[in-house]
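Enquirer: One structure is given below, represented as structure tokens, and several questions about it will come after.
The values are calculated or read from the model by the stated rules, or taken from the named source; none is laboratory data. Small disclaimer: the values here were computed from a predicted structure and weren't measured. Heads up, the Cβs are rebuilt from the backbone with ideal geometry, glycines too, and the neighbour counts pull from every protein chain shown. Ligands, DNA and RNA are excluded from the accessible area calculation, which covers all protein heavy atoms including side chains. Shrake-Rupley method; radii C 1.70, N 1.55, O 1.52, S 1.80 Å.
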Amino acid sequence: MSTLIILLLCGAAGGFIFEWFGLPGGAMTGAIIAVILLKSFSSLPQAAFPRPFQFCIYAGLGVLVGNMYRPEMLLAVRDTWPVLVISTLLVLFAGMLIAIFVVKFGNLDVTSAYLATSPGGLNVVVGLAADMGPNAPIVLAYQMVRLYTIILTVPLAARILHKFLS
């Protein structure tokens, strides 16, 4: 149980620091990076998180995401639904193609490869990976690299797209 407490305190500290400095992903990515650093430079054993604790965290994330919904979102979707459907299918298809590459050359099983390369919220995808098998850390690594690459390249990509579309 002391390992669990150490991890929670470390994650809270990392999350607070990221939030304090306004870094992308704030609390969640700060907690992840802090715990990764702690585990990289210590011999802290793997902690088993009690299932009720996991449930509370995932339910809380679900409430957080659900609370972002506003009824007027349906009006925006009504006007753009063909583009939404086609772009979603293209992204899913691209994720499947990349997953094939990862399975062939990355030594991951099909489900883990798809989760690692699929779009979506880091928290949701990693939560699914944790429920589906032992490759959650690898899925997390893929998702974090993808997420931070997107965050860091948004200004450049926006400039390029703006010039291309103007």
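Enquirer: Could you give each residue of segment 93-101 its phi-based ³J(HN,Hα) in whole Hz, using Karplus coefficients 6.51, -1.76, 1.60 with θ = phi - 60°, and x for Gly or Pro?
Expert: Taking θ as phi minus 60°, the curve returns 5, 4, x, 5, 5, 5, 4, 4, 4 Hz for segment 93-101.
Enquirer: With all protein chains present, how much of the accessible area of segment 1-57 (probe radius 1.4 Å) comes from carbon and sulfur, to the nearest whole percent?
Expert: 77
Enquirer: Averaging over all projection directions, find the projected area of the Cα convex hull of the chain and quote it in nm² with one decimal place. Before the final figure, lay out the partial values.
Expert: On the way: hull surface 50.9 nm².
Taking a quarter of the hull surface, the average projection is 12.7 nm².
Enquirer: If each DSSP helix of 4+ residues adds -39,500 (n - 2.57) and the sum is divided by the residues in the chain, what number results at 222 nm, nearest 500 deg cm²/dmol?
Expert: On the way: 7 runs with 134 residues, N = 166.
Helix-only estimate at 222 nm: -27500 deg cm²/dmol.
Enquirer: Please report, in debye to the nearest 20, how large the charge dipole of segment 23-166 is about its Cα centre when each Lys and Arg carries +1 at its beta carbon and each Asp and Glu carries -1 there.
Expert: 240
Enquirer: Let me ask something additional. Answer rounded, prolate or oblate for segment 20-72, using the Cα gyration tensor with square roots of eigenvalues a ≥ b ≥ c: rounded when a/c is under 1.5, else prolate when a/b is larger than b/c, else oblate. Let's see the in-between values first.
Expert: Working: a/c = 5.17, a/b = 1.51, b/c = 3.42.
The shape class here is oblate.
Enquirer: Here's another thing I want to ask about it. Two decimals, Cα atoms only, Kirkwood Rh: what is Rg/Rh over segment 43-96? Mind showing how you got there, number by number?
Expert: Working: Rg = 18.3 Å, Rh = 14.8 Å.
Over the Cα atoms of segment 43-96, Rg/Rh equals 1.23.
Enquirer: Fully extended, how many nm does the chain gain between ILE100 and ALA47 (0.36 nm per residue separation, minus their Cα-Cα distance)? Spell out each step's value before the answer.
Expert: Details: separation 53, 0.36 × 53 = 19.08 nm, distance 3.21 nm.
Full-extension gain reported as 15.9 nm.
Enquirer: Can you give me the accessible area per residue for the chain, using a 1.4 Å probe, in Å²?
Expert: Values: 11710 Å² over 166 residues.
Counting only protein heavy atoms, the per-residue value for the chain is 71 Å².
Enquirer: I need the per residue convex hull volume for segment 1-48, using only the alpha carbons, in cubic angstrom as a whole number.
Expert: Values: hull volume 2.8 nm³, N = 48.
Taking only Cα atoms, segment 1-48 has a hull volume of 59 Å³ per residue.
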